[in-house]
Amino acid sequence: QEPPTEQNGIYGLLADFIQTDPQYESALEAVLGEKLHYIIVESHLSGMQALDYLKLQSLGRASLIPMHIRKRNGEQFSSVLAGETVKPLLDLVSAQDEYRSIVDSLLADVVLVDTFDTALEIWNSNGHKYTLVTLDGEIIDPTGINTGGSQNGTSSQILSKRREIRELQIKLSELTPRYEELSRTKSQLTSQLSQLKENSDALKEKIHQSDLASFSLQKDINQMLKDIDEASQRIEFFMLEKEEFESALKMASDETSRLQEERTQGLTAKSDKESLLARLQETEK
């Protein structure tokens, strides 16, 4: 059997539908106590179905409040008592319209006072008409029963916790668009980073290829410098050979000129001798 839901008349805990300012939460929690955990239902029939479910599932006990709760005939608050330190708690509590009758019924005779001394003074005068509660959560009921001390029960701080939840939900709703925006920005930056990494890897590959080409080119340059150095040495060697050859050639040329001159002189001497011989022969005739 499925648990009752809102569709069949179950609305939720009273604490989910009642609110007050933070400074009045202790007083409201003290007055309502366990009633804050009462479950609001559409009708007594819905309540019986919920109780049957709890009984069948052995889930313990619960108290249910029907939407059309009978209004209590509490004593109307006297305007004579009204002031800054004394006021109906109902005036300080807010609830959705459909749950207002429940809140009115539960808090009809509750009066908020500033201190226990004020509560005691009112009760001694005509306090039997009201339930008096202080800001700190101390209570004097119409019969004079006094309740106080630390609230450590299941209802303790339930209103403040519900308020914190509402405030956090509001904050969450405000932060969610920012979070989504930051998530989109992060996604875009991640994509850009991935693209930059790809570009960086490609650039690194180009640099590596350039380094290889530069290394190969430097190797060629070094070989060319070596070849140039060897060629320079050979040219220097050839220049020395050329100088030696030209020196030898000059010596040969000089020798040739000398021999030519000696030959010319020899021929001249021969010619002179032949002429002299001829003249001698002519004279003898």
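Figures for the structure shown
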| read-out | value |
| --- | --- |
| Out of Arg166, Arg178, sole residue that is within 29 Å of Val111 (Cβ to Cβ) and charged (D, E, K, R) | Arg166 |
| Identity of the residue in the stretch 128-150, in a strand (DSSP E or B) and more than 47 Å from the chain's Cα centre (by Cα), that ends up nearest to Ser105 (Cα to Cα) | Thr131 |
| Residue check, Leu212 farther than 24 Å from Leu92 by Cα and open to solvent by 80 Å² or more (accessible area, probe 1.4 Å) | yes |
| Members of the stretch 93-114 that are surrounded by fewer than 16 Cβ atoms within 10 Å (Cβ to Cβ) and in contact with a strand residue (DSSP E or B) (Cβ under 6 Å, 6 or more places away or on another chain) | Ser94 |
| Exclusive hit being modelled with pLDDT under 90, open to solvent by 80 Å² or more (accessible area, probe 1.4 Å) and not hydroxyl-bearing (Ser, Thr, Tyr), set Asp272, Asp201 | Asp272 |
| Residues (outside any helix (DSSP H, G or I) and either open to solvent by less than 50 Å² (accessible area, probe 1.4 Å) or hydrophobic (A, V, I, L, M, F, W, C) (or both)) located in the stretch 24-44 | Ile39, Ile40, Val41, Ser43 |
| Some residue of the stretch 134-148 being modelled with pLDDT of 90 or more, polar (S, T, N, Q) and touching a strand residue (DSSP E or B) at 6+ places or on another chain (Cβ under 7 Å) | yes |
| Check on Ser191, in a helix (DSSP H, G or I) and either touching a residue at least 24 places away in the same chain (Cβ under 8 Å) or under 55 Å from the mean Cα position of the chain (by Cα) (or both) | yes |
| Of the criteria (1) without any contact (Cβ under 8 Å) to a residue 12 or more places away in the chain; (2) of a type outside the set (Val, Ile, Thr); (3) surrounded by 10 or more Cβ atoms within 10 Å (Cβ to Cβ), which one Arg178 fails | (3) |
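The values are calculated or read from the model by the stated rules, or taken from the named source; none is laboratory data. The model shown is predicted, which means the values in this text are computed figures rather than measured ones. Heads up, the Cβs are rebuilt from the backbone with ideal geometry, glycines too, and the neighbour counts pull from every protein chain shown. We work out accessible area using only protein heavy atoms, side chains counted, and drop any ligands, DNA or RNA first. Shrake-Rupley method; radii C 1.70, N 1.55, O 1.52, S 1.80 Å.
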